1. Just for region 191-222: of the residues that are assigned to a loop (DSSP other than H, G, I, E, B) and among the charged types (D, E, K, R), which one is nearest to LEU313 (Cα to Cα)?
2. Can we say PRO98 is part of a loop (DSSP other than H, G, I, E, B) and either over 25 Å from LEU350 (Cα atoms) or not assigned by TED's automatic domain parsing to the domain that holds CYS17 (or both)?
3. What do you reckon, is ASP88 of a type in the set (D, E, K, R), outside any loop (DSSP other than H, G, I, E, B), in contact with a strand residue (DSSP E or B) (Cβ under 9 Å, 6 or more places away or on another chain) and closer than 30 Å to ASP132 by Cβ?
4. State whether one or more residues within region 348-362 are in contact with a Gly (Cβ under 9 Å, 6 or more places away or on another chain) and either closer than 25 Å to GLY160 by Cβ or of a type in the set (Asp, Glu) (or both).
5. What's the number of the condition VAL306 fails, among (1) in contact with a Gly (Cβ under 7 Å, 6 or more places away or on another chain); (2) among the hydrophobic types (A, V, I, L, M, F, W, C); (3) without any contact (Cβ under 8 Å) to a residue 40 or more places away in the chain; (4) not assigned by TED's automatic domain parsing to the domain that holds LEU134?
6. For the subset of region 345-386 comprising residues that are touching a residue at least 24 places away in the same chain (Cβ under 8 Å) and among the aromatic types (Phe, Trp, Tyr), which member is farthest from TRP402 (Cα to Cα)?
7. Would you check which residues across region 42-60 are among the aliphatic types (A, V, I, L, M) and in a loop (DSSP other than H, G, I, E, B) and list them?
8. Across region 281-302, what is the number of residues that are within 25 Å of PHE102 (Cβ to Cβ) and more than 13 Å from the chain's Cα centre (by Cα)?
Amino acid sequence: MQEKFDAIIVGAGPAGCAAAYTLAKAGLQVLVVERGKFVGAKNMMGGVLYGSALHSLIPNFWEEAPVERHITRHVVGFLSPKASLSIDFSSVSFDSTPYNAFTVLRAKFDRWFAAKAGEVGAIVATGLQADDLLWDGNRVVGIVAGGDEIPADVVIAADGVNSILAEKAGLRGKISPDQVNQGVKEVIKLPREVIEERFNLVGDSGTAMHLVGFCTKGVHGGGFIYTNKESISLGVVVQLSALIKNKLKSADLIEEFKNHPMVKVLIKDGTTIEYSAHMVPAGGLRMVPRLYADGLLVVGDAAALVVATGLRLEGMNFALASGIAAAKTVNRAKERGNFSKDTLCYYQKLLRESFVLSDLKTFKPAVSFMELNRIYSTYPNLICDLAEKLFTVDGSPRKRGWQLLREAMKGKVSLWQLVRDGMQGGRTA
């Protein structure tokens, strides 16, 4: 390795690779340090990539990247133990380029993205963990990895939700269990034609399903089902503090989720080929740490740049956009020959001007709304119970929908609570 790099990026996930690709393409000397044996080995997410940020970096990336399917159908569903009710949206607009979103498998996608960074000159070192930051007074001047000191003008921390580097730099404290969700996921292999028949898909179109209720035993969290070309990504994401408080295990939740009548038919005869678990930032804007210091920038999950609104969970596009913004900031600092926080603060300005911090601010109320236990227990059961009564024909006199709703609500939720929760949910969606 050379004596000094312009930038060292710790973590070869989407944020790290986006920063590395942008910097190396601009001619800077870049080192990416990845603790996994190969890029993608330690990375996990549900599986949906919203493509606008990556399209701005690598136009028409889907023509070469190992994406699975482009999403044309979005489903939001409520589960009770024996029933389900879903809102199903599909659009032909999502079936043409530039596609809105894709399903991806991170082991394949991240290796491709790291290879793209390598093609433009970045050095990607796998199996190497950054143990500490290298300091010159109060300024970060590199990292310590594998017992060696590796100097650089700037370090970009893309080391995930439990960012050791952000903590060591004093940019944030310890993460509490109510600030993170634990996600567990299985990839279930099925023939392509079976997936397309069960999810009503044509060609490479795909479905993204987000579900609430029975899948988390009525506690804070939700389930997801995403279609790949020849597999289904299925999992649950649950607030860590809720798991601890209710003495639940994510492994048990995902097994019960798979056996729900609505889910069971979708994965019938499938074979689990991958199992993974991951912590997901869930604190919204209030969890975002200080994003820069002298010689240091923090990106992606390490910066808690994730939005969860109940209708969707977005992180990968935020990671990509933050990596690109960090690289632009480093390029600017390189031109000025100044890597102090006075120059690197430009990173936060870029994030404020983009959708990243803007969306986090817009959906800040969603964090409080998602703390309401009624969303995960009372309402899914109430909705499914009401739907069952509405569609039941048993020879007895029928009641109006409003009467059935009042009966279903009795002893569970007041009309005032229903109206208030509906208004709050509308403001956060």
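The values are calculated or read from the model by the stated rules, or taken from the named source; none is laboratory data. Everything numeric here is computed off the predicted structure, so don't read it as measured data. Quick reminder, even Gly has a Cβ in these numbers, built from the backbone with ideal geometry, and neighbours come from all protein chains shown.
1. LYS217
2. Considered against the rule, which asks whether it is part of a loop (DSSP other than H, G, I, E, B) and either over 25 Å from LEU350 (Cα atoms) or not assigned by TED's automatic domain parsing to the domain that holds CYS17 (or both), PRO98 comes out as yes.
3. The answer is no for ASP88.
4. Yes: one or more hits.
5. (4)
6. If we take residues in region 345-386 being touching a residue at least 24 places away in the same chain (Cβ under 8 Å) and among the aromatic types (Phe, Trp, Tyr), then TYR347 is farthest from TRP402 (Cα to Cα).
7. Residues satisfying the conditions are MET44, MET45, ILE58.
8. Count: 1.
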